[in-house]
Amino acid sequence: MALLDIDGLSVAFRTRRGELQALRNVSLSVEKGEIIGIIGESGCGKSTLINSIIGLLPANVSAVSGSIRFEDENIVGMTEAGLRRLRGERITTIFQDPMTALNPVLSIGTQMTAIQYRRPESLAVKRRRAIDFLERVRMPDAARRLDQYPHQFSGGMRQRICIAMALLTEPDLLIADEPTTALDATLEVQVIRLLRELQRDIGCSVMFVSHHLGAVADLCERVAIMYAGEVVEQGTVRDIFRDPRHPYTRKLLECDPGRLTEMQDTLPTIPGEVPDLVHIPEGCIFRSRCPDEFARCGERPSPETVGPGHRAACHKARELGTP
Amino acid sequence: MTALLTVNDLTIRFPAASRIAARLSGQPAFIEAVAQVSFALEAGKTYALVGESGSGKTTLARAIVGLVPTHSGQIEFGGQRISGLGETALRPVRRQIAMMFQDPMGSLSPRLKVQSILAEPFKVHGETADLDRKIRSLLADVGLPAHFAERYPHQLSGGQARRINIARAIALRPKLIIADEPTAGLDVSIQGEMLNLMRALQEKFGTAFLMITHNLHVVRHVADRMAVMYLGRIVEEGDTAAIFARPRHRYTTALLSANLKADPDSSTQIIEAEGETPSLLKRPSGCEFHPRCSFKHEICRNEMPGEQAMAQGHRFSCHNPA
Ligand SMILES: Nc1ncnc2c1ncn2[C@@H]1O[C@H](COP(=O)(O)OP(=O)(O)O)[C@@H](O)[C@H]1O
Ligand SMILES: Nc1ncnc2c1ncn2[C@@H]1O[C@H](COP(=O)(O)OP(=O)(O)O)[C@@H](O)[C@H]1O
Ligand SMILES: [Mg+2]
Ligand SMILES: [Mg+2]
């Protein structure tokens, strides 16, 4: 049974221009112990998806439908008390900017013992566990540094502290929202290695959200591609990067300069603009920018299964296979 | 082959956070954010500065446009020394060097219409004749319709804001544009659009670019030459193609190998650079990369490596190069 099962999730926001449909009919599941990558350009709904899972949607949300099953409970419609029981304990998060999670006026030791408040243990035991986790994220001299404040650490170290904090409660699901976007290449690799290693130790599931294709290809087992509020394709990392079936996935991969083997003067782009989510066009959401558009695209495609666990929401999904 | 910009043995110092504490603990009272940096950029070409954050890239760029005082060394532009010049002497030079800052939204003032944002460089240099036509033509240069002049920054998408930023930079037809992380945080498709636009403008106007980035995939496609910085020093410099074909400094090899490919079967072996970047207050002895280097010898701890010069101006400072 899946740990997390999102089924037909739609989320809309109230805006001055009208209702903005940020997520539409998103279905996605995360197995126990799996690392899943969520890829999509900014504005495609990645953070809204995460906020739905942790029950922290902004105040102007106007409609939520569908379900998010976490084990045998539905997060959609759950009481605040129920959410608090999950959030920070069984589902934890790390974000792009570590300072959003760290309190600048408290030492990291104080913060790392405070989040263990549910454990009926002495402070000494909690401190020892905090030191252990700091060592696991390879913080040199962890015992001494426990009493330092966030500003005394570099950006890369702060992100590692956040990882330690997110794993301290041994969660079932760790959600990482662009955790390496602000880091340089060598530090990004370190963080990814660390995530994989700790995930293996703890056995939790990880949802890794990024627009860095290379990082996702390196870390994840399964991948979902989002475009303008929809999951347009999902499959194993090999399905997505080697045999993409949705024209958007194919275009996105073409645009990655890291995949161009030849030096190129002009870099590939996706012509056109993302549709306005207040006025959703009819038919396929990618239609206006799609190189493979044909008559049927006026009809909204439903996800087509092209292989085990590999689905693409495109009328041509079967034809678009690599020969 | 005359250089447009020459930086010679440039060092930039900042006072350390606490001088008293520094004196008491025996640490230096200043940091060298840029240390003995030399390089040259040819007219009409693109030169990339790469390196981890904190390696001194932005400081170097700001020194070139006179926003940060230099400690020693010289900067020459178009054959004229510009480091250490006063504000009045710098004025005509400023016209020829434009700077595109990181974070385009943050650098576009929110209460001004695009019209006023683009008028600003002309006004600063007293070239206000025919302003409307100049602004329309700038918008056309960056592929935006004329009615965008009436918009405010918050009415622009991320990509459009970047275009306005580029339009402002080319307004006075500078010979050099310094672009600090021009594509940081952008999606690949929009990143491609921006780089293509910059390349097209380079061809049209012969502008040289000094591009600061930590995206090596981008460097490979846009830069003619590149320098790799570590702790304020250039540790390797050369033609981009030569460095990608055969990186020599061990920091460069680690950096290039960490450039993850979007391919699950990618066989590239990642060379890990363990640990953290050292503090500028406590520069390591010998080769400053040695604490993180997996290929260090005894000599690397004790002796700073000299510079080795190869063909085509490829140079690096490493005792045990790849
Ligand atoms: N509180 C909100 N009110 C109105 N629109 C919102 C709100 N939050 C997000 N959006 C819109 O919803 C869409 C998805 O946003 P988001 O989930 O933040 O995307 P991502 O994380 O992929 O960049 C965007 O069009 C964004 O502008
Ligand atoms: N105005 C300043 N005062 C003191 N230190 C500074 C100042 N500007 C930059 N630094 C320091 O100089 C070093 C280089 O920074 P920077 O040039 O911004 O690096 P990069 O652009 O490569 O990330 C950093 O250690 C930074 O903290
Ligand atoms: Mg987001
Ligand atoms: Mg910088």
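Please determine whether any residue of the stretch B:182-197 is open to solvent by 10 Å² or more (accessible area, probe 1.4 Å), away from chain A (no Cβ under 11 Å), within 16 Å of ligand 2 (Cβ to nearest atom) and out of contact with any Pro (no Cβ under 7 Å at 6 or more places or on another chain).
For the stretch B:182-197, residues open to solvent by 10 Å² or more (accessible area, probe 1.4 Å), away from chain A (no Cβ under 11 Å), within 16 Å of ligand 2 (Cβ to nearest atom) and out of contact with any Pro (no Cβ under 7 Å at 6 or more places or on another chain): present.
Hey, can you tell me all the residues within the stretch A:53-98 that are in contact with a Phe, Trp or Tyr (Cβ under 7 Å, 6 or more places away or on another chain), open to solvent by 30 Å² or more (accessible area, probe 1.4 Å) and outside any loop (DSSP other than H, G, I, E, B)?
Selection gives A:VAL61, A:SER62.
Quick one: how many residues across the stretch B:63-104 are assigned to a helix (DSSP H, G or I) and farther than 18 Å from B:LYS175 by Cβ?
Going through the stretch B:63-104 one residue at a time, the tally reaches 3.
Here is a list of conditions, (1) in contact with an Asp or Glu (Cβ under 9 Å, 6 or more places away or on another chain); (2) within 14 Å of chain B (Cβ to nearest Cβ), and A:SER67 meets all of them except one; can you say which number that is?
Among (1) in contact with an Asp or Glu (Cβ under 9 Å, 6 or more places away or on another chain); (2) within 14 Å of chain B (Cβ to nearest Cβ), the lone unmet condition for A:SER67 is (2).
Determine whether A:ARG318 is touching a residue at least 60 places away in the same chain (Cβ under 8 Å) and open to solvent by 90 Å² or more (accessible area, probe 1.4 Å).
Judged against the criteria, A:ARG318 is a match.
Could you list all residues from the stretch B:45-76 that are within 14 Å of chain A (Cβ to nearest Cβ) and more than 13 Å from ligand 2 (Cβ to nearest atom)?
B:LYS45, B:THR46
Going by the conditions given, is A:GLU188 touching a residue at least 60 places away in the same chain (Cβ under 8 Å) and acidic (Asp, Glu)?
Against the criterion (touching a residue at least 60 places away in the same chain (Cβ under 8 Å) and acidic (Asp, Glu)), A:GLU188 does not qualify.
Taking the residues in the stretch B:259-293 that are open to solvent by 80 Å² or more (accessible area, probe 1.4 Å) and closer than 22 Å to A:ARG138 by Cα as candidates, determine which candidate is nearest to the other protein chains (Cβ to nearest Cβ).
So the residue we want is B:GLU274.
Regarding the stretch A:247-261, can at least one residue be identified that is over 20 Å from A:GLU178 (Cα atoms), open to solvent by less than 30 Å² (accessible area, probe 1.4 Å) and touching a residue at least 12 places away in the same chain (Cβ under 8 Å)?
Among the residues of the stretch A:247-261, at least one is over 20 Å from A:GLU178 (Cα atoms), open to solvent by less than 30 Å² (accessible area, probe 1.4 Å) and touching a residue at least 12 places away in the same chain (Cβ under 8 Å), which makes the answer yes.
What's the number of the condition B:MET304 fails, among (1) in contact with a Phe, Trp or Tyr (Cβ under 6 Å, 6 or more places away or on another chain); (2) open to solvent by 40 Å² or more (accessible area, probe 1.4 Å)?
Checking B:MET304 against (1) in contact with a Phe, Trp or Tyr (Cβ under 6 Å, 6 or more places away or on another chain); (2) open to solvent by 40 Å² or more (accessible area, probe 1.4 Å), the one that fails is (1).
Taking B:PRO284, is it in contact with a helix residue (DSSP H, G or I) (Cβ under 6 Å, 6 or more places away or on another chain) and within 17 Å of B:ARG220 (Cα to Cα)?
When the stated conditions are applied, B:PRO284 does not pass them.
So which of B:GLN96, B:GLN115 ends up being closer than 25 Å to B:ILE12 by Cβ and modelled with pLDDT of 85 or more?
Just one listed residue meets the conditions, B:GLN96.
Inspect all residues belonging to the stretch B:170-180 and state whether any of them is open to solvent by 20 Å² or more (accessible area, probe 1.4 Å), touching a residue at least 12 places away in the same chain (Cβ under 8 Å) and within 12 Å of chain A (Cβ to nearest Cβ).
Checked the stretch B:170-180: no residue is open to solvent by 20 Å² or more (accessible area, probe 1.4 Å), touching a residue at least 12 places away in the same chain (Cβ under 8 Å) and within 12 Å of chain A (Cβ to nearest Cβ).
For the stretch A:265-292, name all the residues that are surrounded by 12 or more Cβ atoms within 10 Å (Cβ to Cβ), farther than 27 Å from A:GLU19 by Cβ and charged (D, E, K, R).
A:ASP292
Quick check: is even one residue across the stretch A:39-52 more than 16 Å from ligand 3 (Cβ to nearest atom) and open to solvent by less than 50 Å² (accessible area, probe 1.4 Å)?
Scanning the stretch A:39-52, I find no residue that is more than 16 Å from ligand 3 (Cβ to nearest atom) and open to solvent by less than 50 Å² (accessible area, probe 1.4 Å), so the answer is no.
Considering only the stretch B:239-248, I want to know if a residue exists there that is without any contact (Cβ under 8 Å) to a residue 40 or more places away in the chain, at the interface with another protein chain (Cβ under 9 Å from one of its Cβ atoms) and open to solvent by less than 10 Å² (accessible area, probe 1.4 Å).
No.
Can you tell me which residue among A:LEU49, A:LEU9, A:LEU20 is part of a strand (DSSP E or B) and either within 8 Å of ligand 1 (Cβ to nearest atom) or within 14 Å of chain B (Cβ to nearest Cβ) (or both)?
A:LEU20
Determine which member of the set A:PRO275, A:PRO281, A:PRO303 is away from chain B (no Cβ under 14 Å), within 23 Å of the chain's Cα centre (by Cα) and not β-branched (Val, Ile, Thr).
A:PRO303
Looking only at the stretch A:236-246, which residues are within 12 Å of chain B (Cβ to nearest Cβ) and either surrounded by fewer than 23 Cβ atoms within 10 Å (Cβ to Cβ) or more than 17 Å from the chain's Cα centre (by Cα) (or both)?
A:THR236, A:VAL237, A:ARG238, A:ASP239, A:PHE241, A:ARG242, A:ASP243, A:PRO244, listed by residue number.
Can you name the helices (runs of 4 or more DSSP H) wholly within the stretch A:141-235 that have at least 3 residues being within 14 Å of another protein chain (Cβ to nearest Cβ), among the aliphatic types (A, V, I, L, M) and surrounded by 20 or more Cβ atoms within 10 Å (Cβ to Cβ)?
Counting at least 3 such residues, we get A:185-202, A:213-219.
Could you count how many residues in the stretch B:35-56 are near ligand 4 (Cβ under 9 Å from one of its atoms) and crowded, with 22+ Cβ neighbours inside 10 Å?
Here the count works out to 2.
The values are calculated or read from the model by the stated rules, or taken from the named source; none is laboratory data. Being a predicted model, the structure only gives us computed values, none of them experimental. Neighbour counts are summed over all protein chains in view; Cβ atoms, including those assigned to glycine, are modelled from backbone coordinates with ideal geometry. Ligands, DNA and RNA are stripped out before the accessible areas are found, and what is left, the full protein with its side chains, is counted by its heavy atoms. Shrake-Rupley method; radii C 1.70, N 1.55, O 1.52, S 1.80 Å.
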